[in-house]
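**Student:** First the structure, then my questions, so here it is.
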Amino acid sequence: MKKNLIYLILIIIAFTVACKKDKTDPPDNPVSQNEFELYIDFWNPEGDNPEISFDAMKTSPEIKIDFTRTFAGFAVPPHFTNVIIDNLRIINEQNINYEIQDINAYEYRQEIGGWKLDVEFTMSYEPIEDLNVMLVLDASESLGEDFPKVKEYAISFVDSIFMTVPIVKIGIVAFSDVIDVFGLSSDKYEIIDYIQNIEQGLFTSLYDAINVGIDTLQSNAAESKSLLIFTDGTDNNSDPEITYNYLLNKLENDPNVIKINSFTIGLEGKGGVDKPVLELLATNGGIAEFPQNVDQLGVVFSRFSKSISNVYNLIYTRNQQQIPKSSPAKLKFVINALPK
């Protein structure tokens, strides 16, 4: 009798938990390894002023974008509206970048109590074609005999970006005890020549160099902006007012519409990198990675060239139906993508 009572209690608990589950939650069955889900709230109170926000908790963690932003759209006469979502990347746990193949749109419908494939309102995508990149490159003495390989990887990174994106400008901030800047340029050969002639110096002015890279990107317009920071050490020579918190605030509170995607690489093999700081500074959809030796560093530079150059703008098209912000449409986009 006692055993039957226990079974009954367990059944009631399980039923109660199931009833409380939000029907708009992601399904219990995981999507395939090449499918990634983006969850969005959409509202359009006047019919011509659409806006969206993201549900970061439900969205696949591989989708890299600034989840704090609200994206505003515009009317497309006579019947439609568009909302453009800029600077989206798909990067998995191994930091492999994915190339979008197609996107299916779904809307949660109360009347059927589930998700309905939407063939009238669609999400299209296009790779960005205008990219600015600042490479913040450690040139301190601690790199020793590894420095020629670091320059070789930086040159391969530059070459790869130029091969992938139609309109590119790349700048370099080389730092040690001094900071030397090569401004944003579309001349690949001048950039490569500059990297080849970088010389090593004492100390590590990391934060000052990052600050210069941020300022350069923020003062120039582009469809997408990325900062790639490489170091094998910790800052020991910057202005005391330029801290990592100062830099993080500058990146996350960028007044420009297009924010900087910040990527960081810390060469751990020499035991000197400040890993938590570099992880914090990888923000706005960027990532951090920590190779153990100079050979692994080459692989990371190659992966990051793909992650930085393979970025998308999404365009959600819908009609001009009025939808209040207090009860937004619940949307789900299943992105089919393949490793790049």
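Derivation of every value follows stated rules applied to the coordinates shown; laboratory data play no part. Every value quoted in this text rests on a predicted model; they were computed, and no experiment measured them.
**Student:** What do you get for Rg/Rh over the stretch 56-142 if you use C-alpha atoms and the Kirkwood form of Rh?
**Tutor:** Result for the stretch 56-142 is an Rg/Rh of 1.08.
**Student:** Remind me, relative contact order of the stretch 130-309 in percent, using alpha carbon pairs under 8 angstrom and six or more residues apart?
**Tutor:** So the answer I get is 25 percent.
**Student:** On to the next question. Quick check: residue separation of Asn245 and Glu126 times 0.36 nm, minus the Cα distance between them. What number comes out in nm?
**Tutor:** Separation in residues times 0.36 nm, less the Cα-Cα distance, equals 39.4 nm.
**Student:** Where the centre of each part is set by its Cα atoms, how far does the stretch 267-296 sit from the stretch 45-94, in angstrom?
**Tutor:** Distance between centres, Cα-based: 29 Å.
**Student:** To continue, here is another question. Taking amide H atoms as placed 1.01 Å from N in the peptide plane, list the residues 5 or more away in sequence, or in a different chain, whose amide H sits under 5 Å from that of Glu99.
**Tutor:** Leu338, Lys340
**Student:** If you find the alpha carbon centre of the stretch 230-265 and of the stretch 100-132, how far apart are they in angstrom?
**Tutor:** 34
**Student:** Right, another one. When the Kirkwood radius is taken over all Cα pairs of the chain, what Stokes-Einstein diffusion coefficient follows at 37 °C and 0.692 mPa s, in µm²/s?
**Tutor:** The Stokes-Einstein estimate is 149 µm²/s.
**Student:** Largest first and to the nearest Å, give the Cα extent of the stretch 182-284 along each principal axis.
**Tutor:** Result, largest extent first: 37, 34, 24 Å.
**Student:** Beyond 28 Å between alpha-carbons counts as too far, so tell me which of Lys149/Lys225; Lys275/Lys306; Lys306/Lys330; Lys58/Lys116; Lys149/Lys306 fall in that bin.
**Tutor:** Lys306/Lys330
**Student:** Only helices at least 15 Å long along their own axis, judged from Cα atoms, and with Kyte-Doolittle mean hydropathy of 1.0 or greater: name those in the chain from DSSP H.
**Tutor:** Flagged H segments are 2-20.
**Student:** Next question, about the same structure. What's log10 of I(q)/I(0) for the stretch 130-309 at q = 0.09, 0.13, 0.19 Å⁻¹, Debye sum over Cα points only, no solvent?
**Tutor:** So the normalised log intensities work out to -0.26, -0.56, -1.34.
**Student:** Between Asp102 and Glu199, what length comes free when the chain is fully extended (0.36 nm per residue of separation minus the Cα-Cα distance, one decimal in nm)?
**Tutor:** 30.3 nm
**Student:** Pairs of Cα atoms under 8 Å, at least six residues apart: use those to get the relative contact order of the chain, whole percent.
**Tutor:** Relative contact order here is 28 percent.
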